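Quick notes on the structure that follows.
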Amino acid sequence: MAAAVAEPAAKTVFRLDGGDATYAFGVNEHGELQQLYWGGRIASTDAVAPAEAEREWASFDSPYNNTPQEYAGWGAGLFQEAALKVTFADGNRDLVLHYVASTRPDVHSIEVKLKDIHRAVTVTLHYKIDPDTGILARSATIENGEPQPILIEQAAAAAYSLPPAHYTHNYLTGRWAGEWTLNSEAIHGGERVLESRRGTTGHQANPWFAIGKGDADEEHGEAWFGALAWSGSWRITIEQDQLDKVRVTGGFNPFDFGYQLKSGETLETPVFYAGYSDRGFGGASRLMARFTLAEVLPQAPHPKPRPVIYNSWEATGFDVTEAGQEALAEKAAALGIDRFVVDDGWFGQRKTDNAGLGDWYVNQQKFPNGLKPLIDKVHSLGMDFGLWVEPEMVNPDSDLYRKHPDWVLNFPGRPRTEERNQLVLNLARQDVRDYVFGFLDKLLTENRIAFLKWDYNRNWSEPGWDQVPVAEQKQVYVKFIRNLYSILAELRAKHPGIEIESCSGGGGRVDLGILHYTDEVWPSDNTDPLDRLTQHDGFARAYPAQVMLSWVTDSPHGMNNRTTSLAYRFLVSMEASLGIGANLDKWTEEDTSTAKRLIAAYHGVQKTVVQGDLYRLISPANGSEFTATEMVSPDKGQGVLFAYVHSTQEGRGFPRVQLLGLEPAATYALSNIEGHTLPGTPAEASGAWWMRHGIDIDLRGDFQAAAFRFDRK
Ligand code: DGJ
């Protein structure tokens, strides 16, 4: 590490350049750290003017309040969102952070130390810009140098500011089986709060935002975007202040927060990633996807495309048996499936969701000889084996709960609210952490398991932790999640090659924090293909298709009682990481041959689909009857186009599709992925032709789909 730069540093300007973005901030005349510029990359020779605090606005808004600070302490009359709010042991609650020193570990990173003007509370701000995408990683380390403890009541990872302008804010909300709804609204004065108070990420809002300026749209204009890497209670606020500036602040959710920091202790915030695109919202999601693949995922920078899995949850429910699973495994292998996953029901006394969670021994009635015969069979069929677990939960009807009723989150003497007949183990406790790590480690040591589907089927209630002093009990919000991450990290280190899916009753735990330790996520328990189209669209705004699992399941689908063809269901799931969750026992020979053909075709385009650049040519959001999604490999060697029709009316045809992102001068050969010809369309043409002239797809009726590939010659 480079040596600390000595103060005073008023007028110092810090600058980070990466990708097509520049981020600059500096120390103003008061000693506050102030954002100066965040936008398109400027020339290295361009000077960014030093910081000068905003002026006072009459006697109501002080310079401290009006200045776009990088990390403002709550004090000195701050009415905007504070990055940090503390109570000192003597009752003082005023915190004013001024610049102290900085280091520049490398050209892409800066560490800045701030300190309260009187007290020994310091904050080290960490900045790192990705040279490829220009995405910033920002976080903070708060240290208590006071002799007495302090109570942290609010701690953000970072605050990002934008100058006054007309902006549109995009964000994702949902519910169980209805995740990934895209919302878009103008930013006006006041604050929009996106949050989870649930102890986990949640289905109801995802810690992601995108903000477009003026008339920015899918492919044009300026957009700023970001995502918080935290799987506990979180909050992002988007605030337009009294001078029309916009400030985005993200970090721990301050609701019920209260982290006691003893003398000499530190608290690390999560990382709040954020970036800039001059290619609209489409450009924003392409940058996020590229960055996540290269920098966030456990297999970064070159994650392997996901194996095509089979999982019988929707077909068999809890009724998993050795014979039944072996029969399904034979059928799955014949389709070209890579991985066979046994879902819920294999352990303890698990027949329904009433019992068994916590007892991670193999159920003898269902698997009299343990899992080994099934695992061997799966391997002999050329697939690897995956298993479902829900490690942080316990059913009251379990041996574990009977032995350790105190292990769950609870307030002594108060009711323990059950959801799905289960309680949440307090993973913040060391003994619970040891138990969870211990059983998972044993499972992986004793069995040839390539993959864990890690489920989490409820949110918190009564989040008490009475084994530690009262002043430390609220640390549960942080320590639970840190222990979750540390278990995942330790398992991966001890069992190299293990792959993990983050599932939480569908998409309840999808964020860049968990994605640092897990290879994929289950976006939703809703596998209805039409619903999935909009879910894929919302999901891929924030996360790459690589991590978005999508199963082909049975029709009619239980969610909407909708009947769709197998080919349609396949083509929907093929725009993500493909899996099969249908009851193969009911498939006809024709179904089997459709599946074989499409799985083979998928392998030919998978890398482009899940790791390429995504273009939402026609988004299904807002109820469009047509959808067209295109992916282009990073070297522009292959393009893939999916087209879907919900339900045509009045004979209206599919809009002409002009591709994007190909190399204009290169020649691309067109092939059909699924039996759909394009009369009058050349078999090969230049990228310019496909992008400028475009193609007409004759797709009419209800729930129709087509897919094409374009290979550079
Ligand atoms: C919820 C998951 O999202 C489903 O896929 C399935 O694994 C069930 N839990 C099992 O209980």
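The values are calculated or read from the model by the stated rules, or taken from the named source; none is laboratory data. These figures come from a predicted structure and were not determined experimentally. Heads up, the Cβs are rebuilt from the backbone with ideal geometry, glycines too, and the neighbour counts pull from every protein chain shown. The area values use the complete protein model at the heavy-atom level, side chains included, leaving out ligands, DNA and RNA. Shrake-Rupley method; radii C 1.70, N 1.55, O 1.52, S 1.80 Å.
For the stretch 138-201, rounded, prolate or oblate, judged on the Cα gyration tensor with a ≥ b ≥ c (square roots of eigenvalues), a/c < 1.5 rounded, else prolate if a/b > b/c? Mind dumping the intermediate values first?
Values: a/c = 3.19, a/b = 1.54, b/c = 2.06.
Cα axes put the stretch 138-201 in the oblate bin.
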To the nearest Å, what is the center-to-center distance of the stretch 382-420 and the stretch 31-51, using C-alpha atoms only? 51 Å
Over what distance in Å are the Cα centres of the stretch 521-535 and the stretch 263-321 separated? 17 Å
Rg ratio (alpha-carbon, reference 2.2 N^0.38 Å) - the stretch 332-373: 1.38
Listed residues Lys262, Lys586 arranged by accessible area, highest first, probe 1.4 Å: Lys586, Lys262
Spacing of the two label points (7 Å from each Cα toward its C-beta) at Glu326 and Thr563, in nm: 3.7 nm
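Suppose a student asked you for the relative contact order of the chain, using Cα pairs under 8 Å spaced at least 6 residues apart; what percent would you report?
Numbers: 1768 pairs, mean separation 68.0, N = 713.
Result for the chain is 10 percent.
Where does the stretch 15-110 land on Rg/Rh, using Cα atoms and the Kirkwood Rh? Each step should come with its number before you reach the end.
Numbers: Rg = 15.5 Å, Rh = 15.0 Å.
That ratio equals 1.03.
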Antiparallel DSSP bridges in the chain: what percent, to the nearest 5? 80 percent
Computed from every Cα-Cα pair in the stretch 413-525, P(r) in 10 Å bins starting at 0 and rounded to whole percents is 13, 41, 36, 10, 1
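With each run of n ≥ 4 DSSP H residues scored as -39500 (n - 2.57), what mean residue ellipticity at 222 nm is computed for the chain after dividing by its residue count and rounding to the nearest 500 deg cm²/dmol? Show your work: numbers first, answer last.
Values: 11 runs with 129 residues, N = 713.
It lands at -5500 deg cm²/dmol.
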Accessible surface of the chain, 1.4 Å probe, proportion on carbon and sulfur as whole %: 50 percent
Calculate the length of the line joining the C-alpha centroid of the stretch 452-487 to that of the stretch 172-202, in whole Å. 23 Å
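What FRET efficiency would be calculated for the residue pair Asp406, Glu446, taking the C-beta separation as r and a Förster radius of 30 Å, to the nearest 0.05? Spell out each step's value before the answer.
Values: r = 29 Å, r/R0 = 0.95.
After rounding, the FRET efficiency stands at 0.55.
May I have the convex hull volume per residue, in Å³, for the Cα set of the stretch 609-648? Don't jump to the answer; show the numbers that get you there.
Details: hull volume 2.3 nm³, N = 40.
It is 57 Å³ per residue.
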Placing unit charges on C-beta atoms (Lys and Arg positive, Asp and Glu negative, everything else neutral), compute the dipole magnitude of the stretch 479-638 about its Cα centre in debye, rounded to 20. 420 debye
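Just reorder Asp217, Asp319 by solvent-accessible area, largest first, 1.4 Å probe, all chains present.
Numbers: Asp217 65, Asp319 110 Å².
Result of the area sort, largest leading: Asp319, Asp217.
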At a Förster distance of 30 Å, what's the computed FRET efficiency of Thr667 paired with Ala300, Cβ-Cβ distance as r, to 0.05? 0.35
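Would you please put 306-313, 418-425 in order of how densely packed they are, using the mean number of other Cβ atoms within 10 angstrom per residue and starting with the highest? Let's see the in-between values first.
Numbers: 306-313: 23.9, 418-425: 19.6.
Descending packing order for the listed peptides: 306-313, 418-425.
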Using only alpha carbon positions, build the gyration tensor of the stretch 250-370, then give the equivalent ellipsoid semi-axes as the square roots of 5 times its eigenvalues, largest first, whole angstrom. 40, 27, 13
Pair-distance profile P(r), taking every C-alpha pair of the stretch 53-165, with 5 angstrom steps and integer %: 2, 11, 20, 21, 19, 14, 9, 4, 1, 0
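DSSP loop trypsin sites (Lys or Arg not before Pro) in the stretch 10-64 with at most 12 other Cβ atoms within 10 Å of their Cβ, which ones? Spell out each step's value before the answer.
Numbers: sites: Lys11, Arg15, Arg41, Arg55; in loops: Lys11, Arg41, Arg55.
Taking the stretch 10-64 and a limit of 12 other Cβ atoms within 10 Å, the loop trypsin sites (Lys or Arg not before Pro) found are Arg55.
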Gyration tensor (Cα) of the stretch 21-65, equivalent ellipsoid semi-axes in angstrom: 25, 11, 8
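Counting other C-beta atoms within 10 Å, and keeping those with at most 16, which DSSP coil GluC sites (Glu not before Pro) do you find in the stretch 617-654?
Numbers: sites: Glu625, Glu630, Glu650; in loops: Glu625, Glu650.
Within the stretch 617-654, the qualifying GluC sites (Glu not before Pro) (loop, at most 16 other Cβ atoms within 10 Å) are Glu625, Glu650.
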What number comes out for accessible area per residue over the stretch 286-329 if the probe is 1.4 Å? Units Å², please. 35 Å²
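Got a sec? What order do Lys403, Lys636, Lys596, Lys607 fall in by accessible area at 1.4 Å, biggest, i.e. largest, first? Mind showing how you got there, number by number?
Working: Lys403 155, Lys636 65, Lys596 100, Lys607 120 Å².
Heavy-atom accessible area, descending, gives Lys403, Lys607, Lys596, Lys636.
Dipole size in debye (nearest 20) for the stretch 104-235 around its Cα centre, Lys and Arg Cβ +1, Asp and Glu Cβ -1?
Values: 12 positive and 17 negative charges, 110 e Å.
Computed charge dipole of the stretch 104-235: roughly 520 debye.
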Fully extended, how many nm does the chain gain between Arg55 and Thr677 (0.36 nm per residue separation, minus their Cα-Cα distance)? 217.4 nm
Quote the FRET efficiency, to the nearest 0.05, computed for Lys586 versus Asp698 with a Förster distance R0 of 51 Å and r equal to the Cβ-Cβ distance. 0.95
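Compute the Rg to Rh ratio over the stretch 534-604 from the alpha carbon atoms, using the Kirkwood formula for Rh, and round to two decimal places. The partial results should precede the final answer.
Details: Rg = 12.6 Å, Rh = 12.9 Å.
So for the stretch 534-604, dividing Rg by the Kirkwood Rh gives 0.98.
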Under 11 Å from the Cβ of Ile481, count the other residues' Cβ atoms, weight Lys and Arg +1, Asp and Glu -1, and hand me the total. +1
Entries of Lys113/Lys494; Lys453/Lys474; Lys377/Lys494; Lys494/Lys596; Lys245/Lys607 with Cα pairs more than 32 Å apart: Lys113/Lys494; Lys494/Lys596; Lys245/Lys607
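Can you give the convex hull volume per residue for the Cα atoms of the chain, as a whole number of Å³? It would help to have the intermediate numbers written out before the result.
Values: hull volume 118.2 nm³, N = 713.
Dividing the Cα hull volume of the chain by its residue count gives 166 Å³.
Which length gain, in nm to one decimal place, applies between Lys372 and Asn92 when the Cα-Cα distance is subtracted from 0.36 nm times their residue separation? Don't skip to the answer; put the middle values down first.
Details: separation 280, 0.36 × 280 = 100.80 nm, distance 6.20 nm.
Between Lys372 and Asn92, full extension yields an extra 94.6 nm.
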